[in-house]
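Only one structure is covered here, and it is reproduced in the block below.
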Amino acid sequence: MNRSRHFLALGLAALCSLAGAVPAFGAQLPMKDEVVYVNLTPEGETGTLFVVNNYDLDRETQVTDYGDYLSVKNLTTTGELSRSGDAISFTAPAGKFYYQGELDPSRTAGLPWTVAVTYLLDGKEIPGEELAGKKGHLEMRVSLGQNPEADPVYRDHYALQVTLQLDTESCKNIDAEGATLADVGQLKQASYIILPGKEKSFTVTADVTNFEMNGLSINGIPLVLDIDDPDTGELKDQIYDLQDGAARLDDGALALEDGVAQLEEGAEDLRDGAGDLRDGAAQLNDTLQQVGRGLGQIAPLLEGAIGEAVMNGQLSLQEAQAISKMIDGLPLLLQGSSALAAGADRLAGGTDDLYDGVLKLKDGVAELSDGTMELRDQSADMDTQVDDKVDEMLDEYRSKEFVPVSFVSPKNTNVDAVQFVIKTADIKIPTSAPAPEKEQDNSTFWDRLHNLRPNSR
């Protein structure tokens, strides 16, 4: 019995010892940062890709990371990195730990952005590698686009900072429209910012002699902007003035509409009255014309009858003269009657035109009233619309929380940050003599860091 208990105690002790030596199943992996370094040709075509993985550990930790690397290299210690398929395992000490992995160049096609650079010298396209030492008018056309095949997390959250440097000794009349220019020693630096989801093309020109330049530098980082709400008080005051003006304009349009309605009634009465006048004048003219024609036929008889009446003493001479004058004035009466009929007809036509014009005015005023009502309705909540639109525009650029996605492998779910450093190849004049071969450096990261310190005596 005692021996059994002794063996049981030894077994439990052994299990406890093993449990302390083996990490617990499902233990959380330490967080890491990925920096993707991409070296492209001068034209932005396929180059080399290296990823530096960075850990900040509070104690010595057994780490397993994932990546289909061509090769891996410990940048911090002399410890080995164990590889099994796409799994890289190592023991990292407390503190900062870096290791580098080289990706297949074909992975360039999976970068979140496309880079294309075209060089023209004196108007003719020329390969970038042939530009070194050349003279003439240089034009560089740069195009940066979104790669639809890449993970949308980069498109939606990452901004690009593009930097180009030209030596002012060999490059004159530098023109970089749309760029932020700065002097860095004798270098003229042109910088561009491309916001998430956007694409950009730009052109840089210069007159060059014995041309050289460092490659185009492109940094892709998550956009972090702390944007406060702007003060829209002054704008809203103007909107309130607009709202008051729209209300007064609408009230005026309604009053004008009522006035035009009254004008329509008056024009209609005038038109009807002019029509009656035209009809009466025409009827009077017809009657007078008939009378005139009748008198014209009996005029000789009337003259004889008047003469006999005077002779017989039935009419005085004066009365006979009055009747004769009346008969003589009949043509003028007929002429005036015709003119009256014609004038009444023109007046009736004018009142018809006036009434038609009033109807058109009424239609125009109705449209004006509808427009002022719509303006009044749409401007009623314009102050709120302005706030909403400002928020909508700023939300596009305000910092948004997102989960970084590993560029190397979807198995890496412990990524705290991912950054891209993309660079096109330098254009340099080759030296006359080849540089001496460097001796292989087997020192560790910390050895190299120590060597940077000044010598102590």
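The values are calculated or read from the model by the stated rules, or taken from the named source; none is laboratory data. Bear in mind that the values here come from a model prediction, so they are computed numbers and not experimental data. Using ideal geometry, Cβ is built from the backbone for each residue, glycine included, and neighbour counts are taken over all protein chains shown. These area figures cover heavy atoms from the full protein model, side chains too; ligands, DNA and RNA do not enter into them. Shrake-Rupley method; radii C 1.70, N 1.55, O 1.52, S 1.80 Å.
Overall dimensions of the range 84-130, expressed as equivalent-ellipsoid semi-axes from the Cα gyration tensor (√(5λ), whole Å, largest first), are 41, 14, 10. Positive contributions from Lys and Arg (+1) and negative ones from Asp and Glu (-1), summed over other residues with Cβ under 11 Å from the Cβ of residue 111, come out at -1. Between amide H atoms placed 1.01 Å from N, distances below 5 Å from residue 70 occur with 102, 103, 104, all of them 5 or more places distant or on a separate chain. Look at the Cα gyration tensor of the range 114-272: its axes a ≥ b ≥ c give a/c of at least 1.5 with a/b over b/c, and that counts as prolate. Surface listing: 218, 306 arranged by accessible area from highest to lowest gives 306, 218, probe 1.4 Å. With θ taken as phi - 60° and the Karplus curve 6.51 cos²θ - 1.76 cosθ + 1.60 applied, the whole-hertz 3J(HN,Hα) list for the range 147-164 is 8, x, 7, 7, 4, x, 4, 6, 5, 7, 10, 9, 10, 10, 10, 10, 10, 10 Hz, x standing for glycine and proline. A simple spin-label model places pseudo-atoms 7 Å from Cα toward Cβ; at residue 264 and residue 94 they are separated by 9.3 nm. The 3J(HN,Hα) values that the Karplus relation (6.51, -1.76, 1.60; θ = phi - 60°) gives for the range 167-173 are, in residue order, 6, 6, 6, 9, 10, 10, 6 Hz. Gly and Pro appear as x.
Compactness of the range 31-128 is given as radius of gyration and Dmax, 17.7, 60 Å, from Cα positions. Using θ = phi - 60° in the Karplus curve 6.51 cos²θ - 1.76 cosθ + 1.60, the 3J(HN,Hα) couplings for the range 332-337 round to 5, 4, 5, 5, x, 5 Hz; x is entered for Gly and Pro.
Full extension of the chain segment joining residue 310 with residue 381 gains 16.0 nm, where the gain is 0.36 nm per residue of separation less the Cα-Cα distance. Round to the nearest 0.05 the FRET efficiency obtained for residue 80 and residue 234 when R0 = 56 Å and r is the Cβ-Cβ distance. Here the calculated transfer efficiency is 0.25. Taking amide hydrogens as placed 1.01 Å from N in the peptide plane, the amide H of residue 37 sits under 5 Å from those of 50, 51, 52, 421, each at least 5 positions away in sequence or on another chain. According to the calculation over all Cα-Cα pairs in the range 337-376, the P(r) per 10 Å bin from zero is 28, 27, 20, 14, 9, 3 %. Relative to the current alpha-carbon distance between residue 242 and residue 323, full extension at 0.36 nm per residue lengthens the span by 21.4 nm. Grab the beta carbon distance between residue 43 and residue 416, set R0 = 30 Å, and tell me the FRET efficiency rounded to 0.05. Efficiency at R0 = 30 Å is approximately 0.35. As a fraction of the 1.4 Å probe accessible area of the range 145-292, surface on carbon and sulfur atoms comes out at 47 percent. Put simply, the amide H of residue 114, placed in the peptide plane, has neighbours under 5 Å in 145, 146, 147, leaving out anything fewer than 5 places away on its chain.
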